[in-house]
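Read-outs throughout are calculated quantities, based only on the coordinates presented, and are distinct from any laboratory measurement. Model, not experiment: these values are computed from the prediction. Backbone-built Cβ (ideal geometry, glycine too); neighbour counts: all protein chains shown.
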């Protein structure tokens, strides 16, 4: 079963990802012989629906950024399909690919290193228009001025250089550059992680306002679960190159089902100092993507792992309302695992007696 939520199946599938993989070869020695692969993305099936914000969350190094860059064709996948509005992006080249890239843009994580310090803001924002031969210089200037105003910048700031702006203003410049071609979908790669806390809410609200006005679709990549909860309609949880849980925002935060998701959500700070929360501490280190565990990648850190978890990759199981989980606790081996857990608990009780 694809990791696809049934709650959105009546919507238009703007972006379909099927079996997406990216394995980077590892080479060693003088002759650079191939010794293995870094399995950054290891088989992802996912649909993104028009007008929604899909959140992608997971620990650093789980493959979130690699996944989003493949959608832009900045990195070519090892295997799989990326279908944008019915057309496979991996089967096109040259002018067709150049044209399709107008439909999907990206807001990068660091507004400080993402802007060319030698160019004026007007040139930075106008660059996509020039590349795609939008129109005359006057038309480009008009489009740049309108887009700057849409993101909360003044048109008279267009002649300035990036170092003359604050961090929040620089991220507004990045948003303007992503919007300038009127894309259908924007990939937001940790768009507020480099900003002060006081500025984050302004940028997040700006993104929401722009989405509503322009009917945009977002893939929102972040490790900040509070930001994900505020921004997203659906959430996909990623661990070591795989999607392990997918659900609507409200259902996921109310009923996290995969052990990894439960551990992530247990770490969210509670604003009430009198409230008691139970933090789930994961044992062991994150496995290397060069040599990930067999079967379920999470089994080496999971307190509920059994022998079947090492033998088979868990299938995606719908536990109700389109809430999908890749865990043997909910699949065909669920009864077997529960019996094993009950037996272990019973034996432990007898030993204590």
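Would you mind classifying the stretch 151-225 by shape? Square roots of the alpha carbon gyration tensor eigenvalues, ordered a ≥ b ≥ c; an a/c under 1.5 is rounded, otherwise it is prolate if a/b is larger than b/c and oblate if not. Could you put the intermediate results ahead of the total?
Details: a/c = 1.88, a/b = 1.17, b/c = 1.60.
It is oblate, given that a/c is not under 1.5 and a/b is not larger than b/c.
How much FRET efficiency would the formula 1/(1 + (r/R0)^6) give for residue 110 and residue 33, where r is the Cβ-Cβ distance and R0 is 45 Å, rounded to 0.05? Show your work: numbers first, answer last.
Details: r = 35 Å, r/R0 = 0.78.
After rounding to 0.05, the efficiency reads 0.80.
Mind pulling the angle between the C-alpha long axis of helix 197-214 and the longest principal axis of the chain? Nearest 10 degrees, somewhere in 0 to 90.
Long axis of 197-214 versus the principal axis of the chain: about 70 degrees.
Using 7 Å Cα-to-Cβ label points, what is the residue 311/residue 334 separation (nm, one decimal)?
In this crude label model, residue 311 to residue 334 measures out at 2.0 nm.
I want to check the label-to-label distance for residue 159 and residue 209. Put each point 7 Å from Cα in the C-beta direction and report it in nm to one decimal.
About 2.7 nm separates the two model spin labels.
How far is helix 334-352 tilted off the main Cα axis of the chain, in degrees rounded to 10, range 0 to 90?
60
Measuring from a point 7 Å past the Cα of residue 18 along Cα-to-C-beta, which residues in the stretch 81-105 have an amide N at less than 19 Å?
The answer is 81-93, whose backbone nitrogens lie closer than 19 Å to the label point.
Could you please rank 261, 300, placing first whichever residue has the fewest other Cβ atoms within 10 Å of its Cβ?
Numbers: 261 24, 300 18.
In increasing order of surrounding Cβ atoms, one gets 300, 261.
Does anyone have the angle between helix 167-179 and the longest principal axis of the chain? Alpha-carbon axes, 0 to 90°, nearest 10?
Value to nearest ten degrees: 80.
According to the square roots a ≥ b ≥ c of the eigenvalues of the Cα gyration tensor, what is the shape class of the stretch 94-163, taking rounded for a/c under 1.5, prolate for a/b larger than b/c otherwise, and oblate for the remainder? Show your work: numbers first, answer last.
On the way: a/c = 1.85, a/b = 1.27, b/c = 1.45.
Because a/c hits 1.5 or more and a/b fails to exceed b/c, the stretch 94-163 counts as oblate.
Between residue 304 and residue 95, what length comes free when the chain is fully extended (0.36 nm per residue of separation minus the Cα-Cα distance, one decimal in nm)? Show your work: numbers first, answer last.
Working: separation 209, 0.36 × 209 = 75.24 nm, distance 5.12 nm.
Separation in residues times 0.36 nm, less the Cα-Cα distance, equals 70.1 nm.
Provide the FRET efficiency to the nearest 0.05 for the residue 182-residue 266 pair, computing r from the beta carbons and using R0 = 35 Å.
Numbers: r = 41 Å, r/R0 = 1.17.
Here the calculated transfer efficiency is 0.30.
Does the stretch 179-267 classify as rounded, prolate or oblate by the C-alpha gyration tensor (a ≥ b ≥ c root eigenvalues; a/c under 1.5 gives rounded; else a/b over b/c gives prolate, otherwise oblate)? Display every interim value, and only then the final one.
Working: a/c = 2.01, a/b = 1.60, b/c = 1.26.
It is prolate, given that a/c is not under 1.5 and a/b is the larger ratio.
With both bridge residues required to lie in the chain, what share of the DSSP beta bridges run antiparallel, to the nearest 5%? Don't skip to the end; give the middle numbers.
Details: 31 of 49 bridges.
Once the DSSP bridges in the chain are tallied, antiparallel ones form about 65 percent.
Under the 0.36 nm per residue contour assumption, what length would be gained going from the current alpha-carbon distance of residue 136 and residue 79 to full extension? Don't skip to the answer; put the middle values down first.
Numbers: separation 57, 0.36 × 57 = 20.52 nm, distance 4.06 nm.
So the chain would gain 16.5 nm between residue 136 and residue 79.
Calculate the length of the line joining the C-alpha centroid of the stretch 253-268 to that of the stretch 17-72, in whole Å.
Going from one Cα centre to the other spans 23 Å.
Just rank 114, 288, fewest to most, by other beta-carbon atoms within 10 angstrom.
On the way: 114 19, 288 13.
With the sparsest Cβ surroundings first, the list reads 288, 114.
So what's the back-of-envelope 222 nm ellipticity for the chain, counting only DSSP H runs of four-plus at -39500 (n - 2.57) apiece and dividing by all residues, rounded to 500?
Numbers: 11 runs with 116 residues, N = 353.
It lands at -10000 deg cm²/dmol.
Taking the Cβ of each residue in 47, 318 as the centre, tally the other Cβ atoms inside 10 Å and list the residues starting with the fewest. Don't jump to the answer; show the numbers that get you there.
Values: 47 22, 318 15.
Listing 47, 318 from fewest to most nearby Cβ atoms yields 318, 47.
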